[in-house]
Amino acid sequence: MRTQVAIIGGGPSGLLLSQLLHRKGIDTVVLERKTKDYVLGRIRAGILETGFVDLMRKAGVSDRMDKECFVHDGTVISFGDTEFGINFKELTGRNVVVYGQTEVTRDLYEAREAMDGKIVFNTENVHIHDVDRDAPYVSYTVDGIEHRIECDYVAGCDGFHGVSRQTIPLTVRKEYEKLYPFGWLGILSETPPVHDELIYAGSERGFALCSMRNSNLSRYYIQCSLSDAPEDWTDAAFWEELKRRIPGKYAEQLVTGPSIEKSIAPLRSFVTEPMRWGRLFLCGDAAHIVPPTGAKGLNTAASDIHYLYNALQQVYEEGDSEGIDRYSERALARIWKAERFSWSTTNLLHSFPEQSAFDLKMQKADVHFLRDNREAQSVFAQNYVGLPY
Ligand code: FAD
Ligand code: DHB
């Protein structure tokens, strides 16, 4: 088989790139290790920047999102008794939308199928060859049968545990990583959200987040120990702990119910450089991970796709390689700023095991400064709604 761009990974990055390129007449094949149902079963991000929304529009897949999403003009931040709002709309003129990654992925799969997009599921033994030469190809097996795709370029959209990043030799690749000494325990419940905005809550017992998917589907998280397993937490224990970390007035109003999903994610900051090696381009979680505080994971994936899509269009339509030559530099410039925001928001609101009484005072002073200072709120809001592409 031959294609122009071989895309490894059928998560949001790979599907969005495939859909955008298809609409410009650029041929792609997507290779996905799992089944479609498996990919759609993963509960992940919930908040989209307007840059992401614009890309979904450009990809022609925004109809359902435009109808069903919730627009959020601000968020609530709390720390113990301190509670305040940050109004994104007033401070930046922009907002974010609530529309789950599951829905984004579902819409993208539907669009790809409607356009007869080529997606191969259950691929195993994916190997990327000769991307440092002129004629790269990708080999893989399905049900034990070997296949091969010749291509012009390879987009590595295969997440943190994929093969694409590993294809770049260690002599070229440099990785930066920070692991945090806690995770997030998340639950999904068919209950109305506790508030019409998200609540990011710091407390001496640890962080909590109140989020949502729709008017009868709530997503809540609490900071947990890395040694915890989801089974260690009964629903009752989860709700009890959540209530102790959020401001009293919300704890009183909280509607609880059975969880329909419960999972733990470790927190990590990670960046690999460069994001391009010859004809291979890394996108999304394949190249970088942020701790989830501040909702930048999926949104940074989208900015990579924006840069790569434009770069590939430039090379195919104009024969100009400037975009692909500068892809890594452009993507990384924005990524590092999102890394900084996610890291600093994590530090602001989480409880750290070795935290001294002095450290806690510093953390509270940071929160109070944000509460009392419009410029600080403006900096937060600019980062939250998303820096320009
Ligand atoms: P992925 O979604 O990881 O997609 C990669 C795809 O590649 C997968 O479908 C995988 O099966 C496939 N793949 C992997 N290896 C291969 C291979 N060798 N061959 C073929 N296919 C392969 N972000 C937020 O903003 N908020 C959140 O609350 C949040 N929660 C998260 C919870 C978890 C447990 C995780 C892991 C991430 C979370 N994120 C969150 C981050 C966000 O979901 C990711 O940034 C986003 O999924 C990145 O999309 P992606 O397409 O780059 O990677
Ligand atoms: C969600 C996750 C986040 O990490 C975040 O900052 C906001 C919302 C969510 O899953 O809804």
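A few comments on the model shown:
- Where a residue in the range 43-62 is under 12 Å from Leu298 (Cα atoms) and its partner, wherever it lies, is aromatic (Phe, Trp, Tyr) and away from ligand 1 (no atom under 13 Å from the Cβ), with Cβ under 6 Å and at least six apart: Gly51/Tyr389
- Whether a residue is assigned to a helix (DSSP H, G or I), more than 18 Å from Val154 (Cα to Cα) and within 13 Å of ligand 1 (Cβ to nearest atom) was assessed, and Thr346 passes this test.
The rows are residues; the columns are (1) surrounded by 13 or more Cβ atoms within 10 Å (Cβ to Cβ); (2) among the hydrophobic types (A, V, I, L, M, F, W, C).
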{"site": "Ser211", "(1), (2)": "yes, no"}
{"site": "Arg219", "(1), (2)": "yes, no"}
{"site": "Ile222", "(1), (2)": "yes, yes"}
{"site": "Glu231", "(1), (2)": "no, no"}
{"site": "Glu241", "(1), (2)": "yes, no"}
{"site": "Arg245", "(1), (2)": "yes, no"}
{"site": "Gly248", "(1), (2)": "no, no"}
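- As a summary of the residue check, Pro266 satisfies the conditions (1) touching a Phe, Trp or Tyr at 6+ places or on another chain (Cβ under 6 Å); (2) within 16 Å of ligand 2 (Cβ to nearest atom) except for the one numbered (1).
Rundown of residues vs (1) within 22 Å of Ser78 (Cα to Cα); (2) part of a strand (DSSP E or B); (3) modelled with pLDDT of 95 or more; (4) not assigned by TED's automatic domain parsing to the domain that holds Thr28, yes/no style:
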residue	(1), (2), (3), (4)
Thr272	no, yes, yes, no
Phe281	no, yes, yes, no
Thr293	yes, no, yes, no
Ser303	no, no, yes, no
His306	no, no, yes, no
Ala311	no, no, yes, no
Asp325	no, no, yes, no
Arg340	yes, no, yes, no
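- Selection of first residues in the range 364-379 that are without any contact (Cβ under 8 Å) to a residue 24 or more places away in the chain and of second residues that are of a type in the set (A, V, I, L, M), restricted to Cβ pairs under 6 Å at least 6 apart or on distinct chains, gives the following pairs, ordered by first then second residue: Asp366/Leu348; Phe369/Ala376; Ala376/Leu370.
- Subset tally (residues that are of a type in the set (S, T, N, Q) and either in a loop (DSSP other than H, G, I, E, B) or touching a helix residue (DSSP H, G or I) at 6+ places or on another chain (Cβ under 6 Å) (or both)) for the range 25-50: 2
- Residue satisfying all of: in the range 209-234; within 19 Å of the chain's Cα centre (by Cα) and among the aromatic types (Phe, Trp, Tyr); nearest to ligand 2 (Cβ to nearest atom) among these: Tyr221
- Test: residue in the range 233-241 that is of a type in the set (Asp, Glu), assigned to a loop (DSSP other than H, G, I, E, B) and outside the structural domain of Leu21 (by TED's automatic domain parsing): no
- Qualifying strands (runs of 3 or more DSSP E) (wholly inside the range 95-205; at least 3 residues being small (Gly, Ala, Ser) and either outside the structural domain of Asp366 (by TED's automatic domain parsing) or buried (at least 19 other Cβ atoms within 10 Å of the Cβ) (or both)): 174-189
- For the range 250-289, taking the residues that are of a type in the set (Lys, Arg) and buried (at least 17 other Cβ atoms within 10 Å of the Cβ), the one that is farthest from ligand 1 (Cβ to nearest atom) is identified as Arg279.
The values are calculated or read from the model by the stated rules, or taken from the named source; none is laboratory data. If you're wondering where the values come from, they're calculated on a predicted model, not measured in any experiment. For neighbour counting, all protein chains shown are included, and Cβ atoms are generated from backbone atoms with ideal geometry for every residue, glycine included.
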